[in-house]
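Peer 1: Here you go, one structure.
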């Protein structure tokens with residue numbers, strides 16, 4: 001009896017291991033099956049050179065961006081559209097990490113976990129992106145070859161309407177890039193890079209102060225243009241701002257005020273709010289992972305904590321995650337997760353996917369979002385000038401981020417439209433562009449005017 005009992009226990013243990021193993025396999029199959037099936041050794045969908053043979057990519061209006069024919073990529077007939085969207089279509093060399101044939105291969109090939117990549121019609125699927133290729137072209141032309149990025153998304157649906165990274169090129173005529181080239185021409189700056197945020201980060205410091213300082217609305221500081229921290233350590237402004245409160249300091253972007261404010265909030269809370277606002281995480285945008293932001297808030301305080309609260313020091317932010325935070329401010333504290341795929345269809349045009357949207361975690365309280373909305377609108381009315389954004393109820397913050405000696409600062413402009421019919425958040429970066437509101441603000445206006453006119 002003991003032998004039978006031991007054997008029964010052993011059989012049950014083995015059965016348990018089998019069930020657990022089967023469960024793990026099924027989970028991995030559902031989760032990673034698309035990656036397994038679209039490995040380049042799969043000759044059903046790849047040719048002998050490892051090139052995807054099937055699937056087409058379109059913009060939101062059905063304009064062809066790229067199609068795979070027998071392992072050869074074919075692109076839009078319009079050169080300006082090809083250039084503006086190359087960081088999404090990819091190129092024939094496969095050097096762009098966010099190119100469609102890399103990140104959307106399972107969707108282009110028609111993979112599903114029941115039939116794999118088999119298709120009765122022998123064709124892949126049509127992937128419709130959320131972007132408008134013509135608006136992307138407008139944004140690219142506004143960047144005028146300068147390094148940077150432009151992003152616009154609907155903060156109610158999550159659809160990214162515009163996404164451009166520069167420099168870019170025509171995928172039908174790729175440039176020769178030397179090994180020591182540092183332009184980052186293959187990098188999708190919107191998703192894959194991080195940059196010093198400068199004054200746009202003050203929107204995080206402001207949120208932390210609103211939710212943690214009882215005197216945030218009444219505390220005032222007299223700016224003389226310089227705040228000393230002993231020796232040569234100091235925070236400076238471009239000019240003295242006089243007596244300012246939070247709203248005024250945000251409007252004139254007073255570094256001295258926000259340096260002292262970061263000290264009042266404290267290093268721990270500053271760290272907490274960069275995490276709460278999603279700036280330190282990597283977001284999954286339909287299979288594209290955004291770069292993680294990086295921040296350091298010294299516990300010792302002083303000038304380094306002050307500069308960190310201003311958006312300098314070691315601060316690095318990803319444009320997409322910062323734009324998502326703008327969506328949270330506009331949306332009452334939570335944001336709809338951005339997405340780049342609108343739908344997937346069979347080659348016959350029949351939908352092969354269902355519409356969806358997901359929400360981020362709560363970043364800030366609803367009341368905090370409302371206060372920041374009003375302050376960002378005040379920025380435009382009091383500083384940037386409503387005449388520079390005709391017809392747009394725009395709420396914004398500019399940033400002029402110092403990036404090193406003998407280099408012009410990065411120019412930022414980010415925010416949203418407070419408009420129920422046109423709920424769009426945006427971000428514009430021009431590397432070494434100069435003043436944010438002047439340089440990037442004009443690009444934002446040009447792109448948003450077209451977005452509002454079309455949608």
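Peer 1: In region 252-269, which residue that is in contact with a helix residue (DSSP H, G or I) (Cβ under 9 Å, 6 or more places away or on another chain) and surrounded by fewer than 23 Cβ atoms within 10 Å (Cβ to Cβ) is nearest to residue 204 (Cα to Cα)?
Peer 2: Filtering region 252-269 for residues that are in contact with a helix residue (DSSP H, G or I) (Cβ under 9 Å, 6 or more places away or on another chain) and surrounded by fewer than 23 Cβ atoms within 10 Å (Cβ to Cβ), the one nearest to residue 204 (Cα to Cα) comes out as 269.
Peer 1: Of everything in region 404-416, what is touching a strand residue (DSSP E or B) at 6+ places or on another chain (Cβ under 9 Å) and either at pLDDT below 90 or buried (at least 24 other Cβ atoms within 10 Å of the Cβ) (or both)? Give them in sequence order.
Peer 2: Result: 410, 411, 412, 413, 414, 415, 416.
Peer 1: Just wondering, is there one or more residues in region 437-449 that are within 16 Å of residue 311 (Cβ to Cβ), modelled with pLDDT under 95, surrounded by 16 or more Cβ atoms within 10 Å (Cβ to Cβ) and touching a helix residue (DSSP H, G or I) at 6+ places or on another chain (Cβ under 6 Å)?
Peer 2: Scanning region 437-449 turns up at least one residue that is within 16 Å of residue 311 (Cβ to Cβ), modelled with pLDDT under 95, surrounded by 16 or more Cβ atoms within 10 Å (Cβ to Cβ) and touching a helix residue (DSSP H, G or I) at 6+ places or on another chain (Cβ under 6 Å).
Peer 1: Confirm whether residue 278 is closer than 27 Å to residue 419 by Cβ, crowded, with 16+ Cβ neighbours inside 10 Å, touching a residue at least 24 places away in the same chain (Cβ under 8 Å) and out of contact with any helix residue (DSSP H, G or I) (no Cβ under 9 Å at 6 or more places or on another chain).
Peer 2: So residue 278 does not fit the description; no.
Peer 1: Next up: Can you pull out the residues in region 394-423 that are within 20 Å of the chain's Cα centre (by Cα) and on the phi > 0 side of the Ramachandran plot?
Peer 2: Across region 394-423, the qualifying residue is only 415.
Peer 1: Since residue 240 meets every condition but one in (1) over 29 Å from residue 338 (Cβ atoms); (2) crowded, with 24+ Cβ neighbours inside 10 Å, which condition does it not meet?
Peer 2: Going through the list (1) over 29 Å from residue 338 (Cβ atoms); (2) crowded, with 24+ Cβ neighbours inside 10 Å, residue 240 breaks only (2).
Peer 1: Can I ask one more? Restricting to helices (runs of 4 or more DSSP H) lying wholly in region 60-105: which have 1 or more residues that are surrounded by fewer than 22 Cβ atoms within 10 Å (Cβ to Cβ) and touching a helix residue (DSSP H, G or I) at 6+ places or on another chain (Cβ under 7 Å)?
Peer 2: 79-84
Peer 1: Please work out if residue 136 is under 17 Å from the mean Cα position of the chain (by Cα), assigned to a helix (DSSP H, G or I) and either closer than 30 Å to residue 416 by Cβ or at pLDDT below 95 (or both).
Peer 2: Answer is yes for this residue.
Peer 1: Is region 224-231 home to any residue that is closer than 30 Å to residue 381 by Cβ and out of contact with any strand residue (DSSP E or B) (no Cβ under 9 Å at 6 or more places or on another chain)?
Peer 2: Within region 224-231, not a single residue is closer than 30 Å to residue 381 by Cβ and out of contact with any strand residue (DSSP E or B) (no Cβ under 9 Å at 6 or more places or on another chain).
Peer 1: Consider region 268-289. How many of its residues are out of contact with any strand residue (DSSP E or B) (no Cβ under 8 Å at 6 or more places or on another chain) and at pLDDT 95 or above?
Peer 2: The number of residues fulfilling the criteria is 15.
Peer 1: Something else about it: Does residue 172 satisfy being surrounded by fewer than 21 Cβ atoms within 10 Å (Cβ to Cβ), in contact with a strand residue (DSSP E or B) (Cβ under 9 Å, 6 or more places away or on another chain) and not in a loop (DSSP other than H, G, I, E, B)?
Peer 2: no
Peer 1: If you don't mind, there's one more thing I want to ask. Just the residues that are closer than 15 Å to residue 344 by Cα and either assigned to a loop (DSSP other than H, G, I, E, B) or modelled with pLDDT of 90 or more (or both), please, taken from region 106-118.
Peer 2: If the condition is that a residue be closer than 15 Å to residue 344 by Cα and either assigned to a loop (DSSP other than H, G, I, E, B) or modelled with pLDDT of 90 or more (or both), then 109, 110, 111, 117 are the ones that fit.
Peer 1: As an exercise: evaluate residue 41 against (1) within 30 Å of residue 136 (Cα to Cα); (2) outside any helix (DSSP H, G or I); (3) at pLDDT below 80 and give the number of the one condition it does not meet.
Peer 2: Unmet condition: (1).
Peer 1: Considering only region 343-368, state which residues are buried (at least 19 other Cβ atoms within 10 Å of the Cβ) and at pLDDT 95 or above.
Peer 2: Once the filter is applied, which keeps residues that are buried (at least 19 other Cβ atoms within 10 Å of the Cβ) and at pLDDT 95 or above, region 343-368 yields 363, 364, 368.
Peer 1: Kindly list the number of the only condition in (1) in a loop (DSSP other than H, G, I, E, B); (2) crowded, with 17+ Cβ neighbours inside 10 Å; (3) out of contact with any helix residue (DSSP H, G or I) (no Cβ under 7 Å at 6 or more places or on another chain) that fails for residue 214.
Peer 2: Single failed check for residue 214: (2).
The values are calculated or read from the model by the stated rules, or taken from the named source; none is laboratory data. Owing to the predicted nature of the structure, the values given are computational and were not obtained by experimental measurement. Positions of Cβ are backbone-derived with ideal geometry, glycine not excepted, and every protein chain shown enters the neighbour counts.
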